[in-house]
Amino acid sequence: MKLIGHEREKVLVRRLLEKGYDSLSLLFEGVNCIGKKMLALYAARAYLCDKREGFGCGECKDCRLIDNTIMNVYEKSNLTPHHDLMLIQSDNSEIKIDQIREIGEFLKLKGDKGKVVIVEKAENMNTESSNAFLKTLEEPPEGTLIILTTSNQAKLIPTILSRLKKVKFRKLGQEEVESILLLKGIQEKKAKMLSEMADGSMCLPVYFLENEVIYNYSKDLYRLILNPEHREGLLSLSSNLENLQPQQIIKVFDIIYTLLGKDVASGKVRTELFEKFIREYEILIKAISNGVKKKLVIEGFFLRLIQ
Ligand SMILES: [Zn+2]
């Protein structure tokens, strides 16, 4: 598993690891799906490695066990993970106090070379768990590396924030997104298209790869809005959109909304077009929820948009 991008962040993390703290607590902050958890896992490898060089030598027993954990996380394999690494993964659910207590128990037992705790999406800790976690942060046992990742640090309590050294993650470059997709085995043309739509994060490409139908419609609609002179695309698009469920249509338009917003910010799309899109988008959602025939709604939407 290759760690692509974030060269500046890697240097910073490496420097912090080299400072020889008794224990070190970090906050990886940045938008979702850019590799914060991946770099946290590599930092764990660096911390527990025999040689403690770079992000781990990749050959010692500890590095190999962390690699197992990485494979389990990203490839859904079931290999023996490293016993001195605890990873709290959270989708969008709350991180409960029991999970935080488990961290406390885990850190009480001495590790071979140290202990690492990674808490993903730390903003999902509720008040109870935040307070419990604060106690761990206040007095971490010697030889402990704690990394919290978050896309919204404002949701963390200030007393936690003040105890963390912050590493701010930038978005991925378009080429980096493309490289990650190529490594995943995505074909070149598709990787390029996906990376153009990605806005520096893997969230949308990954969603698109799991939802092919939404991807195809979004891609076609986006192209058509950017090149309205290719009106012939409209016919096939509106009849294809007819096959989508209302919720899927709304999802497609939500995605286009985000993409156009980004294009306005970069000057690729005129503000007037975006404003018109927002107006027409509201009308479209209302009409679809009121059960108006989808084909008519979409054709009307588009014709008014390019007027
Ligand atoms: Zn190693």
For region 34-50, state whether one or more residues are of a type in the set (A, V, I, L, M, F, W, C), within 16 Å of the ligand (Cβ to nearest atom) and in a loop (DSSP other than H, G, I, E, B). yes
Among (1) over 32 Å from the mean Cα position of the chain (by Cα); (2) buried (at least 18 other Cβ atoms within 10 Å of the Cβ); (3) among the charged types (D, E, K, R), ASP263 falls short only on (1)
Output yes when any residue across region 81-98 is surrounded by fewer than 14 Cβ atoms within 10 Å (Cβ to Cβ) and within 13 Å of the ligand (Cβ to nearest atom), and no when none is. no
State all residues of region 51-74 that are assigned to a helix (DSSP H, G or I) and in contact (Cβ under 8 Å) with a residue 40 or more places away in the chain; if no residue qualifies, say none. ASP62, ASP67, ILE70, MET71, TYR74
Which listed residue, of LYS113, LYS121, LYS108, is basic (Lys, Arg) and within 16 Å of the ligand (Cβ to nearest atom): LYS113
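This table checks each residue for (1) among the polar types (S, T, N, Q); (2) at pLDDT 95 or above; (3) not assigned by TED's automatic domain parsing to the domain that holds SER162.
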site: MET1; (1), (2), (3): no, no, yes
site: GLU18; (1), (2), (3): no, no, no
site: TYR21; (1), (2), (3): no, no, no
site: VAL31; (1), (2), (3): no, yes, no
site: ASP50; (1), (2), (3): no, no, no
site: PHE55; (1), (2), (3): no, no, no
site: ILE66; (1), (2), (3): no, yes, no
site: GLY104; (1), (2), (3): no, no, no
Looking only at region 223-263, count every residue that is outside any helix (DSSP H, G or I), without any contact (Cβ under 8 Å) to a residue 24 or more places away in the chain and more than 15 Å from LEU303 (Cα to Cα) and tell me the total. 2
Of the numbered conditions (1) within 30 Å of ILE100 (Cβ to Cβ); (2) in the same structural domain as ILE256 (by TED's automatic domain parsing), TYR215 satisfies every one except a single condition; which is it? (1)
Residue that is nearest to the ligand (Cβ to nearest atom), among those in region 51-67 that are within 22 Å of GLU176 (Cβ to Cβ) and buried (at least 21 other Cβ atoms within 10 Å of the Cβ): GLY56
Answer residue from region 103-156, given it is within 25 Å of the chain's Cα centre (by Cα) and assigned to a loop (DSSP other than H, G, I, E, B) and is farthest from ARG14 (Cα to Cα) among those: ASN126
Here's a check for you: in region 284-302, which residue that is free of Cβ contacts under 8 Å to residues at least 40 places away in the same chain and within 20 Å of LEU226 (Cα to Cα) is surrounded by the fewest Cβ atoms within 10 Å (Cβ to Cβ)? GLY300
Which of the residues spanning region 16-33 are within 16 Å of the ligand (Cβ to nearest atom) and buried (at least 16 other Cβ atoms within 10 Å of the Cβ)? LEU17
Taking region 128-165, which residues are under 23 Å from VAL31 (Cα atoms) and either of a type in the set (D, E, K, R) or outside the structural domain of SER90 (by TED's automatic domain parsing) (or both)? LYS155, ARG163, LYS165
Take ARG8 and decide whether it is farther than 16 Å from VAL117 by Cα, over 16 Å from the mean Cα position of the chain (by Cα), at pLDDT 95 or above and surrounded by 13 or more Cβ atoms within 10 Å (Cβ to Cβ). no
Might you check whether a residue that is within 16 Å of the ligand (Cβ to nearest atom) and hydroxyl-bearing (Ser, Thr, Tyr) occurs anywhere in region 68-78? yes
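The values are calculated or read from the model by the stated rules, or taken from the named source; none is laboratory data. Because the structure is a prediction, the values reported are computed rather than measured. All Cβ positions, even for glycine, are placed from backbone atoms using ideal geometry, and neighbour counts span all protein chains on display.
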